[in-house]
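Worksheet: one structure, shown below.
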Amino acid sequence: METAMYKLPNFNHLYYFWTIANEGSIKKASQKLNLTQPGLSSQLRALETRFEKKLFERKTRKLILNDTGKIVLDFCSRIFNLTDEMDLAVKQKLPQKKTFVRVGVLPSLSSTNIHEFVLPLWKDKTISVSVIESSLDELIYQLNNKNLEIVLSDKSIERRHKKLVSHRLQPRKIVAVGSRKFMGLRKGFPQSLDDIPMIQLTQHSQIRIEIDRYLYEYNITPQIVGEADDVTLLRVGAEKGFCVSILPLNTVNESISKGNLIKLGELKGIQSDMWAMVRADSPRMTTIDKVIKKFIS
């Protein structure tokens with residue numbers, strides 16, 4: 001019995017196309033791939049010749065995927081996801097029954113919140129999890145293109161992402177903390193924070209908006225000595241006695257229990273929100289639902 005011979009697409013051609021589609025232009029893709037633009041254009045033409053169809057509409061300096069290109073991109077995403085899983089399975093000798101879950105996170109998210117979400121996944125012997133950090137727009141793009149299973153964010157998705165579902169995870173209390181030298185601020189809180197040195201979160205954080213509103217409502221104007229995305233910097237600054245910081249309670253519980261920080265007061269009416277965003281059509285939805293249900297308030 002003769003074995004059927006299939007003329008398969010060139011794997012490199014598919015990868016070059018996938019990179020061009022994700023980067024949006026041959027120039028950006030060539031820089032990422034360390035290839036010349038003419039050489040990359042030639043590779044793209046070879047793939048289009050193989051399919052006997054164009055994959056992009058060329059508009060000014062941008063390449064826009066046409067309907068055929070969108071189909072090929074979807075298959076490419078699946079191919080490269082399976083390739084990653086195969087690579088991990090072989091190198092780490094993971095059992096085939098493992099479910100691979102890729103979690104995208106924002107840099108401005110509390111590392112404690114991320115750890116609380118991810119650690120149970122790492123302990124689950126049926127799941128292999130990887131964490132990728134990037135901007136929200138990039139993470140949503142990768143989620144839509146099936147390169148991620150979950151995105152953790154401090155805000156819900158916009159309505160235009162109809163194929164995505166947001167789950168609000170258990171909220172956390174927001175507190176003001178400082179070293180023992182600031183203990184006197186407990187009296188008359190929160191007005192006692194007026195004119196006190198403070199490091200704050202940047203405006204990339206959704207919590208910052210709520211904190212600003214709270215301070216304005218109570219007519220409090222602290223001395224802002226700096227700002228950062230990383231809550232660890234705010235916690236360490238407070239521990240060193242440089243300032244007061246306002247943070248989610250779960251990010252400073254350990255420092256409070258060790259006596260490195262004291263809780264000055266809670267910002268009533270404000271909570272730290274975290275959202276888990278997923279694709280409604282994810283093939284791993286059963287696993288994802290199982291994970292998220294543990295954290296839904």
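Cα gyration tensor of segment 200-248, axes a ≥ b ≥ c as square roots of the eigenvalues: rounded (a/c below 1.5), prolate (a/b > b/c) or oblate?
Note, shape of segment 200-248 comes out oblate.
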Helix-only [θ]222 nm of the chain, DSSP H runs n ≥ 4, -39500 (n - 2.57) each, per residue, nearest 500: -12500 deg cm²/dmol
Kirkwood-based shape ratio for the chain, expressed as Rg/Rh from alpha carbons: 1.09
Solution diffusion estimate, µm²/s, Stokes-Einstein, segment 186-297, Kirkwood Rh from C-alpha pairs, 37 °C, viscosity 0.692 mPa s: 206
Span-like helix ranges in the chain, DSSP H, alpha carbon extent 24 angstrom or more, Kyte mean at least -0.5: 67-91
Farthest positive-ward along the chain dipole, Cα basis, beta-carbon charges - from Q191, L267, I127: I127
Volume per residue that the Cα convex hull of segment 132-236 spans, once the total is divided by residue count, Å³: 130
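Taking only protein heavy atoms and a 1.4 Å probe, what accessible area per residue, in Å², does the chain have with all protein chains in place?
Numbers: 17230 Å² over 297 residues.
For the chain, the solvent-accessible area averages 58 Å² per residue.
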Greater than 29 Å apart at Cα, pairs in K268/K290; K146/K290; K163/K293: K268/K290
Spin-label model distance (nm) - R213 vs K173, 7 Å beyond Cα toward Cβ: 2.1
Long-range HN-HN contacts of V244 with modeled amide H, under 5 Å: M198, I199
Percent accessible area from carbon and sulfur atoms, the chain, protein chains only, probe 1.4 Å: 52
Length added when fully stretched, I292-Q203, from 0.36 nm per residue minus Cα-Cα: 29.3 nm
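The values are calculated or read from the model by the stated rules, or taken from the named source; none is laboratory data. Being a predicted model, the structure only gives us computed values, none of them experimental. Using ideal geometry, Cβ is built from the backbone for each residue, glycine included, and neighbour counts are taken over all protein chains shown. The area values use the complete protein model at the heavy-atom level, side chains included, leaving out ligands, DNA and RNA. Shrake-Rupley method; radii C 1.70, N 1.55, O 1.52, S 1.80 Å.
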